[in-house]
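Since the structure comes first, as structure tokens, the remarks are kept for the end.
Please treat every number below as a calculation from the coordinates, not as lab data. Fair warning: this is a prediction, and the values are worked out from it, not measured in the lab. Neighbour counts are summed over all protein chains in view; Cβ atoms, including those assigned to glycine, are modelled from backbone coordinates with ideal geometry.
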Amino acid sequence: MPQDAERAQLASDLGREARLVAGREIYFDREGFFWEADDWDEEIAIVLLRESGLAELTETHWKVLRYFREYYFYHGRAPLNRQLKEGIGLSLQVLESLFPGGIRKGARRLAGLPNPKSCF
Amino acid sequence: MTNRVIYLDNAATSYPKPPEVLDEMFRGYRDLGVSPGRGSYDLAVQAGDVVEGTRQKLARFFGAPDPNRVIFAANATDALNLVFNGLLRPGDHVVSTELEHNSVLRPLHHFRERGWIEYDLASCDGRGFVDPDEIVKHLRPNTRAVVVTHASNVLGTIQPVQQIGARCAERGVPLIVDASQSAGIIPVDMTAWHASAVAFTGHKALFGPTGIGGLVIHPDLDIRASRFGGTGIDSRELEHTPTFPHRLEAGTINVMGILGLSAGLDYIAQRSVHAIHSHEMALVTRLRDGLAGCAHVELYCAASLADHVAVITLNVQGIHPEDAGAILDADFQIAVRVGLHCAPLAHRHLGTLRRGAIRFSPGLFNTPEDIDRAVGALATLSVHK
């Protein structure tokens, strides 16, 4: 099997799919979560946010995304629900309405954090 | 608003545990935390007495004829694996239901994928109940067992196990009951039901800790050993001990868990299973009725709560259930379980396989005020969508 085809097969077996975003090849899982949190940058986030249907990116959106990432890289995991609420200074009900896709598939996914893979 | 978390996930595990149970676990393990039945010193004998006494309590609790056929396991999944590994043979067929937890579905899938068995799953009706005749329709000459959950962990519906058991007994097919969601809430009488085995877990409505559960077996059912090792008896023999309960128990058993399970059974006996069920059903009925005015809340199989345990599953339109769970947790201090509840086919039946749903399961320590808080939170969520 040619090397590229082999890599593609391996990625598919792992539930990974590669996409070109802002000129870079990025791997996502089947739900659209980043495979590697390090692949995220603000340019890529802007493309993905626009794809998700968000017309206008406000400072509040960036504050949420940056909080997610800072917390994740400092603690090695996503914030607990109450930590998230306190950290962004918003109720999670407000957060849910800020991002198309809501909290998990919206904000968390677009911040580049891995798929939490809860009971699904 | 207080900071106390309103815990409504008792179908996953009861919380908090009764102080009496925790105290007895600590006291018992402090005083008798040695290897039970493995030595001749007094402490080992006394610890062994606790273990055997708990088997006797469990046998009475489940209407089982023989305390020696009460087998300790880590949980109900572990107990069901003992049944599947020790009962099924190549060429066998099994009948179960689409309401089962993955504790049943995954072992059956595992055996089928290897070409060892075949199985069929009976459907439930629109209210979440399996018709016993649906089970009968799937029976074959080589059906080795019928496996049925007593109460669905997604819908809360109590299945007609006694009628299913009667049909199985008429045809000589062993009935295996998963009592994970029912033991401690509704009476389980394996003799009256013609059940050949009952799998249970200790950490839900039996108020014990996690890590303890078991399997209660009727003497007519022969289950082979599927794990092997020390039992404290017959040590010269390399063959694993053939007599019950040791046949299905290998290695030192979970004394701390058994102490908690025993104390949990005492706790239930002081209150009565009926009283606990009545309390919980009053709460879940209050929840159901309180949500009647919420236009965007969709309840599943809750139009009638007759023959239910205290479980209600729902969705709020316009909010992913996982986000709803996070909002309830952070904004309202309410802990619920979201997702598929390890019962994917029950969700397929509801049409919620893709998104999952939100499950509310009040317990003995919840109050009407807790339920009113939950209703208020859901009303707030639904209004804003």
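A few comments on the model shown:
- DSSP beta bridges confined to the protein assembly as shown are antiparallel in about 60 percent of cases.
- Cα→Cβ-extended label distance, 7 Å offset, between B:S40 and B:E170, nm: 5.6 nm
- Note: relative contact order over chain A, using C-alpha pairs below 8 Å and six or more positions apart, is 29 percent.
- When the convex hull of its Cα atoms is projected in every direction, mean area for the range B:19-270 (nm²): 13.7 nm²
- For B:C168, B:C294, order by how many other beta-carbon atoms lie within 10 Å, fewest first: B:C294, B:C168
- Neighbour-count ranking [beta-carbon atoms within 10 angstrom, fewest first] of A:K105, A:K63: A:K63, A:K105
- C-alpha long axis of helix B:273-290 to longest principal axis of chain B, angle in °: 20 degrees
- Over the range B:236-289, the hull volume per residue, using the convex hull of the C-alpha atoms, is 142 Å³.
- Computed 3J(HN,Hα) for the range B:61-77, one whole-Hz value per residue from the Karplus formula 6.51 cos²θ - 1.76 cosθ + 1.60 where θ = phi - 60°, is 4, 9, x, 9, x, 9, x, 5, 9, 9, 9, 7, 9, 6, 5, 5, 4, glycine and proline marked x.
- Looking at the range B:26-55, the chymotrypsin sites (Phe, Trp or Tyr not before Pro) that sit in a DSSP loop and have at most 15 other Cβ atoms within 10 Å of their own Cβ are B:Y41.
- Inter-site label distance for B:R227 and A:H75 at 7 Å from Cα along Cβ, in nm: 3.4 nm
- Nearest-ten-degree value, helix B:161-171 long axis tilted from longest Cα axis of chain B: 40 degrees
- With distances taken between every two different alpha-carbon atoms, the range A:3-110 has a Kirkwood hydrodynamic radius of 14.8 Å.
- In chain B, the DSSP beta bridges split such that about 50 percent are antiparallel, to the nearest 5.
- Value of [θ]222 nm, deg cm²/dmol, for chain A, DSSP H segments ≥ 4, -39500 (n - 2.57) each, nearest 500: -13000 deg cm²/dmol
- The translational diffusion coefficient of the protein assembly as shown, from Stokes-Einstein at 37 °C and 0.692 mPa s with a Kirkwood hydrodynamic radius over alpha carbon pairs, comes to 131 µm²/s.
- Theoretical FRET efficiency, 1/(1+(r/R0)^6), r = Cβ-Cβ of A:L20 and B:K137, R0 60 Å, to 0.05: 0.65
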